[in-house]
Every structure is written in C-alpha cells, then in structure tokens.
Amino acid sequence: MNKNSSNIMALAPNTSNKRETVCIFGTGDFGRALGHKMIQCGYSVVYGSRSTQISNLIPKDAEVLGHAEAAQKAAIIIIAIQRQHYNFLTPLAETLHGKVLVDISNNLKLNQYPESNAEYLAQLLPGSKVVKAFNTVSAWALQSGTLDASRQVFVCGDDVEAKQMVMDIVRALSLTPLDKGSLSAAQEIENYPLQLFPMWNFPIILSLALTIFFFLYCLALDVIYPYIYENSNLSFFIAITIPNRVCPVMALILLALVYLPGIFAAIIQLYRGTKYSRFPNWLDKWMLCRKQLGLVALAFASLHAVFTLVTPLRAFVSWRTSNRIISQALNNETEPLDNTNAWLSDSYLALGVLGYFLFVLLGITSLPSVSNSVNWREFRFVQSKLGYLALVLCTAHTMVYGGTWFLNPAAYKWYLPDIYMLSLVVPCAILVVKFVLILPCVDKPLTRIRQGWERNPKNSE
C-alpha cells in the first residue's frame, strides 16, 4: 500500500492487542482494503493468491502465500473473489473442511443465478461453514474509516458459532453486524446493493408524472391560450412563472399524499373493527414510502421559495412595474392603499412562511440522526400533529392566494379551472375526513381498536 493511501486509511486506531489470523482469498480492491482495516484492528492477515510475489499494493504487514498454504494458517477465510472463479476452491475441499468461509461477493443484476453465491459456495464445499457478510460495505467505506458511509453489515449463515465469529470481526472493525438468520437469506442480502433507491421509486415516478401533467396544464392555459386568443407571446413564462406555479402545487399535493394513507388505514380499521388484519399491499407500500414523499414535497416547496425570491429580479416584473408607474404619472393618478388586499397579501405570505417552517421541521426530524434522538411520542407529535398543522397552513396559504379566482369567470380558460383550484382538491378532502375522524364519537372506537379491541374477534384474520 502506498504512502498516500495509508494516510487515508489510518482513521481507525491501531491496537497492540493481536487477534487471530484471518486469511483472505483475493487481492483486489476490496480484499486489500479489508485486509488493511483488519491489520489496523489487530488481526494478522495472510493473503491466498495465485501469485506469491509481493506487490506494493498489498498491506506491508500482510503475508502472501499460495491458497492451500494460506488456508492452513487461519480458521476464518474471507472469499474476496467473484462467483465465476469459485471452481478453484474444489481441489482445496480437504484443506477448507471445517473452516469458516466468508462469502462477500455480489452479482451484476438482481437474482442473476437460481441460488445465492453463498449457497452455491456451500454446495461446492459442503464440509465448510459458509457465512455471508461484508457484501454491503464498499472498499471506499473501509478506506474512509466508515465515517462517511453506512456501518451496517448484514450477516447470515446456518452455523451459529461461525456466524458469531464473523460478527465479532465486524464489531472489531467498528462496523455494526445485523443478523439476518440462516444462509437462505443470502439471496436477499446479495440483492440489496443492486437496488437503486427502492423506497424512492414510487415517489419519484409519481412526482414526475404529476409534474409533467401540471406543467403541460399551465403551458396550455398561460402560454398557448394567450397566444391563440390574445396574440400575446408569453413563452418566457416557461422559465420561471410556470415552474413557480407547478412547484407549490406539487408540494401541497405530495404533502397531502403523505397523510392520505393514514386516513385510508383508519377507515379500514373502523370498517373491519380490528387492527389484526393486514392492510392491502398497495396501502402497505404507500405507507412505507411516506417519508420519501414528504422529502420530495419539501424539495418542491424549497424551489417555490427560491423562485419567489428571484421574482423581483425578472425583466418582465420590472417592465410591468415601470409601465404602471409611468402610466400613473402621465395620467396624474394615484392608487390609495387597499387594506383588504394588504391583509390578504400579508396573510398569504405569513401562512406560507409558517407552513414552510413546519415543512422544514418535518424534514429535519425525518433524518435518522434526529429521529433516533427523540422518543416515539415526540416523533409522532412532530410528524402527525405538526404535520397536519403544516398541511392546514399550506392549504390556507393556497386558498388565500387564489381564493378570489374561484368565482371569476376569467379564471376558467377553455372552461378549465386554474391549477391552484386543482391543488386544493386532495388536501381539502383529507382535512375534512380527518376532522370527522377526530370527533369523539369516531376517535374513541378507533383508539380502542388500535389498542387491541376487536369488534368480532372470530372473524379477524
């Protein structure tokens, strides 16, 4: 290992207490990084390799031997090679008999083989104790001292003692082992690193679909309609005006969708009279991705705030303001302050600021480092009580801003309602149903059901 990389990896403290010897088959990036980390933590490391020639990339305190000779020196052997090269292990079956083999391999795609790599390794070497581990940790995470990466390591295996030995090594490397059970869980563990933001798929797809729909909706009403009927070229609205209309609408709708599955869950529990029946799969998946929906909503709300702040800098706004001032000066006209409009304007801004503040608070408390520092009741208070308050404020913010348009015929271009009217449908419906659910005549039986009471225990699933 060169000098620079040694300095980078020297984040874990050295220890003078020598531990047992561990053998690593494979001298690739991960094998070298893992070996260096283990040496720093007091382990003796011996590499098993086809070539016993010492390379400057190998940790200087490690020994490099042939596979058979290296395997004889350790009870735990880490297999840091790809599955397609496992066949060379077959002639070593006698040497590896009774030893703990740690499979750290991953595949190129989900369910690439009928069985997991760890199970395949166990079939090749039935006399060995195979444990799956370390496949969710990258070489970069080990080199950076795991300060900037996940510390969680999934571990599974059929031999309890072998699995415990591997978990002890994981802890010694300042990582956190998570026991996933028997070796049959290896397939799931190997699929985990291949999943690209699994909990974000639905929120992102839904957000993209709604964004495209509302963007085209605004484009038709704010650009195409004036061009056809008024011969006005307002195509520059595409840059800021339309995005600044789409973003708050998306933020409000997505925030409402965070609390909509809870409404559905309450109605289902009231209908069934029990909490021991499973929700439909679509509702389960929806409830699991509420955090992601909320964060996407916060992103849209933040964009809306930025677009609003830069609005006075726009050439269109400056032109409109200057024309209005010049027109008043030429006509010797003045406009008295309209207290009603002033109240509406200030109320609209105040509701928006307060709603955005609570929005940010919800986003902060959803972070693991913050949510882990509060108890369950505090977390529920913020995410539920303050969350609904944020929804009320944001809904009121939208209603005050566009409330005067509801009865204005000019707002219905092509007989279509303005985008702000559409944005109020879902949140208003949720708030109305939520108001019904918190009535004592409804809330008391719902609370009893959630505490374990059943209307008809015999029919519970």
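The values are calculated or read from the model by the stated rules, or taken from the named source; none is laboratory data. The structure presented is a predicted model; accordingly, all values stated were derived computationally and were not measured. For neighbour counting, all protein chains shown are included, and Cβ atoms are generated from backbone atoms with ideal geometry for every residue, glycine included. Ligands, DNA and RNA are stripped out before the accessible areas are found, and what is left, the full protein with its side chains, is counted by its heavy atoms. Shrake-Rupley method; radii C 1.70, N 1.55, O 1.52, S 1.80 Å.
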(request) Report yes if residue 319 is over 30 Å from residue 447 (Cβ atoms), assigned by the TED database to the domain that holds residue 444 and open to solvent by 30 Å² or more (accessible area, probe 1.4 Å), otherwise no. (result) yes
(request) Answer yes or no as to whether residue 274 is in contact with a Lys or Arg (Cβ under 7 Å, 6 or more places away or on another chain) and open to solvent by less than 70 Å² (accessible area, probe 1.4 Å). (result) yes
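Here's the yes/no breakdown for (1) without any contact (Cβ under 8 Å) to a residue 60 or more places away in the chain; (2) of a type in the set (A, V, I, L, M, F, W, C):
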| residue | (1), (2) |
| --- | --- |
| 379 | yes, yes |
| 405 | yes, yes |
| 418 | no, no |
| 427 | no, no |
| 430 | no, yes |
(request) Residue by residue through region 179-233, note down the ones that are β-branched (Val, Ile, Thr) and over 16 Å from residue 249 (Cβ atoms). (result) 189, 204, 205, 223, 224, 228
(request) Of the conditions (1) within 20 Å of residue 437 (Cα to Cα); (2) surrounded by fewer than 20 Cβ atoms within 10 Å (Cβ to Cβ), residue 258 clears all except one; give me its number. (result) (2)
(request) For region 391-461, please list each of the helices (runs of 4 or more DSSP H) lying entirely inside it that holds at least 1 residues being closer than 30 Å to residue 216 by Cα and of a type outside the set (Phe, Trp, Tyr). (result) 419-423, 425-437
(message) Looking at 227, 192 in this structure, which one is farther than 26 Å from residue 435 by Cα, surrounded by fewer than 18 Cβ atoms within 10 Å (Cβ to Cβ) and under 28 Å from the mean Cα position of the chain (by Cα)?
(response) 192
(request) Would you be able to tell me the number of residues in region 50-64 that are without any contact (Cβ under 8 Å) to a residue 40 or more places away in the chain and open to solvent by 20 Å² or more (accessible area, probe 1.4 Å)? (result) 8
(request) Select, from 314, 272, the only residue that is in the same structural domain as residue 252 (by the TED database), within 21 Å of residue 401 (Cβ to Cβ) and among the charged types (D, E, K, R). (result) 314
(message) Restricting to region 205-249, and then to whatever is in a loop (DSSP other than H, G, I, E, B) and among the small types (Gly, Ala, Ser), can you tell me which residue is modelled with the highest pLDDT?
(response) 239
(message) For region 268-290, give me the residue count where each residue is touching a helix residue (DSSP H, G or I) at 6+ places or on another chain (Cβ under 8 Å) and part of a helix (DSSP H, G or I).
(response) 9
(message) Only one of 111, 87 is open to solvent by 80 Å² or more (accessible area, probe 1.4 Å) and either farther than 14 Å from residue 193 by Cβ or β-branched (Val, Ile, Thr) (or both). Can you tell me which?
(response) 87
(request) Determine the pairs where a residue that is within 15 Å of residue 211 (Cα to Cα), located within region 291-307, has a partner that is part of a helix (DSSP H, G or I) and of a type in the set (S, T, N, Q) with Cβ atoms under 8 Å apart, the partner being 6 or more residues away or on another chain. (result) 296/207; 300/207; 304/244
(message) Being modelled with pLDDT under 90 and open to solvent by 70 Å² or more (accessible area, probe 1.4 Å) is the filter here; which residues of region 415-432 pass it?
(response) 415
(request) Please give the number of the condition residue 182 fails out of (1) open to solvent by less than 40 Å² (accessible area, probe 1.4 Å); (2) in the same structural domain as residue 120 (by the TED database). (result) (1)
(request) Give region 354-377 a look and list any residue that's open to solvent by less than 90 Å² (accessible area, probe 1.4 Å) and closer than 16 Å to residue 391 by Cα, or say none. (result) 355, 356, 358, 359, 360, 361, 362, 363
(request) Report, ordered by the first and then the second residue, all pairs with beta carbons closer than 7 Å, sequence separation of six or more or different chains, a first member in region 344-367 that is under 15 Å from residue 258 (Cα atoms) and outside any helix (DSSP H, G or I), and a second member that is open to solvent by less than 80 Å² (accessible area, probe 1.4 Å) and at pLDDT 90 or above. (result) 366/294; 366/295
(request) Restrict the check to region 250-266 and report whether at least one residue is at pLDDT below 95 and not in a helix (DSSP H, G or I). (result) no
